[in-house]
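Have a look at the structure below before the remarks.
The values are calculated or read from the model by the stated rules, or taken from the named source; none is laboratory data. Since the model is a prediction, treat every value here as computed from it, not as a measurement. Counting neighbours? That spans all protein chains shown, and the Cβs are built from the backbone with ideal geometry, glycine included.
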Amino acid sequence: MLSPNDPKLEKRDPFYRSLVAKQKTSAEIISEARNALRTVGTQRPFTPQEGQRKLFGPASSRTSENRPPSSFSLHASNFESSDSRPISGARLSPLELKPKAPAPPPAEGEPGLSLPKPPVDPVKMRRISSARARLFRAASQGALLPDRTPPAAERKKTVESRDTISMGDSPVKINGIYLTEPKAAGHIKSRPLQLTYDGGFREIKEQEVFKEATPLPSHRRSGGDPGNRRPRASSCPNSSEPSRPGARAGPKADLQEEDTEMEVDNVFWNTRIVPILYKLETEEDTEMLCAACTQLHRTLEEGNMLGRKFRRRSGLLKTLYKLVDVGSDPLSLKLAKLILALKVSRKNLLNVCKLIFKISRSEKNDSLIQSDSILESLLEVLRSEDLHTNTEALLYCMGAIKFISGNPGFLNEMISKGAVEILMNLIEQINEIANKCGTCLPNSGHLLVQMTATLRNLVDSPLARSKLLSIGAMTQLCMVMGQYTSDKDVCTNIARIFSKLTSYRDCCIALANCSRCYALFLNLINKYQQKQDLVVRIVFILGNLTAKSNQAREQLFKEKESIPTLLSLFRAFHELDLHPKRPAGDGDEQRKPRKPQALVEDVLIKLTRVLANLAIHPGIGPALAADPQVVGLLLATLEYKSIDDCKELVINTTATINNLSYYRVKHSVIQDQKLHVAELLVKLLVSDNTDGVLEAVHVFGNLSQDRAVCDFIVRKNLHKFMIALLDATHQDMCFSACGVLLNLTVDRDKHAILREGGGVTKLVDCLRDFGPTDWQLACLVCKTLWNLSDTMANASSCFGDEDTSTLLVLLSSFLDEELALDGSFDQDLKNYHKLHWETEFKPVAQQLLNRIQSRHTFLEPLPIPSS
């Protein structure tokens, strides 16, 4: 501690001036940066919710001619039956067949034609599903066949219609099903059922009996997806699958196993599926149809009949397509889910995606979509379908997902089902195609608009943000933005994603580490300078990046033409703000609305924030302070804009000037125009806006280090305003005002006017009120009181008896460590307070206390630097 006789006190320097240059501690550097240079915050640009659900909203840059439609009609006739056939892996050559009239049916009493069966691979039918074997055994005992025996009275009559019932061994049609009359109850013949169903129930034909009996290749006879079934031997002679060792079976045994397999299929089909299809054909009540679709889906899944490899799939799909014309949204959703489960492709996949898209356009259907779990089917389409061949289908699929992602009730479900990973995988595929081919995939831009809009909704969830960070989504999104720079809609959506993500520190750091993002953002600013909705988000992102990291400030500043690009944008929107343009029209300008100024001002707000954050960097701040274009635009903003016009713009501009005024460097434009700056700040200082007053006082704290500005403050009676601010309940306000008063006390000729204005009493009150919770402020008060007392023969005549007595009590108690630091704080806060108490307050307060106690001792100002 310095004593009054210490030779260091011979110098007459104020507290804010450092006598000896010394190495600052980390705590001092942090404290100084916090008090003098501050980052500027602002709100994220507002994105209004679209009134209608469309593929491309009203703000889209796409015209109606170059974008897929959001509205269309869809009927059963739009679906193709050709796609309903199971897909074969081989391409067959056409057969040269001559039309031949069908043979007439055999006359009564003549034996029917014996239909030969083609040879079958000996190994093929040995692999019979155990589930179907059990089903056949149950059917052979009569358990699965419905009791459809007609009454005795009805067995004697014949009706000449589609519902004809024949007796004897001829086929019997009951409820649309043909059965062969059993010989005895509970016994089923080797071929008990003969049914023809191909999208509708109709009379059986002899040729169809032959067709039904003909074994199909394994890839057309399988009941479901190959991943869900036990593999079977191929019937193709060229099959690469080896036969099992020791397998011996003659043609007769193979045919018997083939018959067994088909009979099992027939039993399950006729007893479980056909009744449901009959209901779908004949039922008219929508609720009953919905229930039948649900039952059909469950039954097909039970029989392992979903997927492409199902030989009765064609007729089944025809029936489902017909029901689309019913026009019921609940029914259409169930149909769409079932059709997707049957793995349609090409045009039918597109149409079913359109069907779901059309239903999802209405918010009232969100509950139906959630209850039917259609989201899982849509995500499966994105996961499994080929991006090259199904771009349009994926587009409408993504459109539906985008709509429901706007409902917060779907977010958790979408994320838990892997929506984030699926979307980023598609984006990665698109990037790989673009990098490999050197050009973007046709129409992929439309798809990207939907995907990025969906991600924009998903990133509201912390879990989604965590997933995006874990899979390196920032880099992929930057790559898309670089590949699709010409697509404003894609760039705008990604900018919206980044503007949300960079509001969080971990996401902001991840994007800041993508070194290519700075050049990319500057390129977009140059390309879309007049597109406010995109530019405002890009600048907001840059503001977030530069608020968190000195490395980000340096990388942005070092990018080619970075500051000229920002200044060009500033000038353009400054002109728009000064002279709002009216939209071109038919000449009736009086009735046309002015261009909205809110968005123009918002761009300027975000721009000044970027400049303020850049100025924090010790290597960038002096360069900006010496740039006449930067300072000129900031001062021009304060000249024409008042706090009542746009509060945030004026405050951000003042904060930027404050950061630049911190650097007292050669060629500083701020220092050259300090009196003009002070004049501009007066109207802000006397305003009713607390935030505006605080920013103005901050700037005066830096500028008042100059004697000419101090004279200006006294001449304008601003010192009285500073003294009055010591009564403020806001600690930062008191701190800044006290800083200005401290700088004024450097000039001894101003001591009298400061004491006459009641400055000493207010300083003592400020020390009493804020000392125990803010030792930096208490230190500043003690420095100011020390300077005020340096010209008085005794402290009592300087402070007055009452203020002197109060100071003696306060300083004595505040210098007692146990009393001063006995607060109800956590350990970190206690350490923080102890640091500032020991390094800042205690040395100054002890010397002030010694001066007051000595009363008649004349002392020089202490050479202790301020923070």
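Things to note:
- For beta carbons closer than 8 Å, sequence separation of 6+ or different chains, a first residue in the stretch 616-628 that is surrounded by fewer than 17 Cβ atoms within 10 Å (Cβ to Cβ) and a second that is of a type in the set (D, E, K, R), the qualifying pairs are Gly619/Glu554.
- Considering the stretch 707-720, and only residues there that are outside any loop (DSSP other than H, G, I, E, B) and among the basic types (Lys, Arg), the residue that is surrounded by the fewest Cβ atoms within 10 Å (Cβ to Cβ) turns out to be Arg715.
Residue-wise test of (1) crowded, with 24+ Cβ neighbours inside 10 Å; (2) farther than 18 Å from Leu849 by Cα; (3) more than 51 Å from the chain's Cα centre (by Cα); (4) small (Gly, Ala, Ser).
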residue	(1), (2), (3), (4)
Val746	no, yes, yes, no
Asp749	no, yes, yes, no
Glu756	no, yes, yes, no
Val764	no, no, yes, no
Gly771	no, no, no, yes
Gln776	no, no, no, no
Cys798	no, no, yes, no
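- Evaluating Lys334 against the criteria (1) crowded, with 23+ Cβ neighbours inside 10 Å; (2) over 37 Å from the mean Cα position of the chain (by Cα) leaves one unmet condition, (2).
- Residue pairs meeting the criteria (Cβ under 6 Å; at least 6 apart or on separate chains; first touching a residue at least 12 places away in the same chain (Cβ under 8 Å), in the stretch 661-672; second in a loop (DSSP other than H, G, I, E, B)): Tyr662/Leu37; His667/Ala626; Ser668/Ala626
- Counting only residues that are more than 17 Å from Val740 (Cα to Cα), assigned to a helix (DSSP H, G or I) and either in contact with a Cys (Cβ under 7 Å, 6 or more places away or on another chain) or not polar (S, T, N, Q) (or both), the stretch 650-679 holds 7 of them.
- Applying a threshold of 6 Å to beta carbon distances and a minimum spacing of six or more residues, or different chains, the list of pairs starting in the stretch 386-401 at a residue that is in contact (Cβ under 8 Å) with a residue 24 or more places away in the chain and ending at one that is part of a helix (DSSP H, G or I) and surrounded by fewer than 19 Cβ atoms within 10 Å (Cβ to Cβ) reads Leu387/Gln429.
- Among the residues of the stretch 390-413, those that are in a helix (DSSP H, G or I) and closer than 17 Å to Gly445 by Cα comprise Thr391, Glu392, Ala393, Leu394, Leu395, Tyr396, Cys397, Met398, Gly399, Ala400, Ile401, Lys402.
- In the stretch 46-59, the residues that are surrounded by fewer than 16 Cβ atoms within 10 Å (Cβ to Cβ) and either modelled with pLDDT of 70 or more or under 21 Å from Tyr528 (Cα atoms) (or both): Phe46, Thr47, Pro48, Gln52, Pro58, Ala59
- Any hit, the stretch 596-605, residues being modelled with pLDDT of 90 or more, touching an Asp or Glu at 6+ places or on another chain (Cβ under 8 Å), β-branched (Val, Ile, Thr) and not in a helix (DSSP H, G or I): no
- Qualifying residue in the stretch 570-581 (condition: aromatic (Phe, Trp, Tyr) and modelled with pLDDT of 95 or more): yes
- Ser503 vs. criteria of a type outside the set (Asp, Glu), touching a Phe, Trp or Tyr at 6+ places or on another chain (Cβ under 6 Å) and under 25 Å from Asp460 (Cα atoms): no
- Residue satisfying all of: in the stretch 352-371; surrounded by fewer than 19 Cβ atoms within 10 Å (Cβ to Cβ) and without any contact (Cβ under 8 Å) to a residue 60 or more places away in the chain; nearest to Gly406 (Cα to Cα) among these: Asp366
- Residue check for Asn652: buried (at least 21 other Cβ atoms within 10 Å of the Cβ), touching a Gly at 6+ places or on another chain (Cβ under 8 Å) and not charged (D, E, K, R): no
- Helices (runs of 4 or more DSSP H) wholly inside the stretch 813-867 containing at least 3 residues that are closer than 22 Å to Leu744 by Cβ and either under 48 Å from the mean Cα position of the chain (by Cα) or at pLDDT 85 or above (or both): 842-854
- The residues in the stretch 288-310 that are over 38 Å from the mean Cα position of the chain (by Cα) and without any contact (Cβ under 8 Å) to a residue 40 or more places away in the chain can be counted, and the count is 4.
- Failed item, numbered, when Arg308 is tested on (1) farther than 30 Å from Leu387 by Cβ; (2) surrounded by fewer than 20 Cβ atoms within 10 Å (Cβ to Cβ): (1)
- Qualifying position, being buried (at least 18 other Cβ atoms within 10 Å of the Cβ) and more than 24 Å from the chain's Cα centre (by Cα), among Leu395, Leu349, Leu375, Leu411: Leu349
- Of the residues making up the stretch 510-522, one or more are surrounded by fewer than 24 Cβ atoms within 10 Å (Cβ to Cβ), modelled with pLDDT of 95 or more, within 23 Å of Val600 (Cβ to Cβ) and aliphatic (A, V, I, L, M).
- Of all residues in the stretch 540-576 being charged (D, E, K, R) and touching a residue at least 40 places away in the same chain (Cβ under 8 Å), the one that is surrounded by the most Cβ atoms within 10 Å (Cβ to Cβ): Arg553
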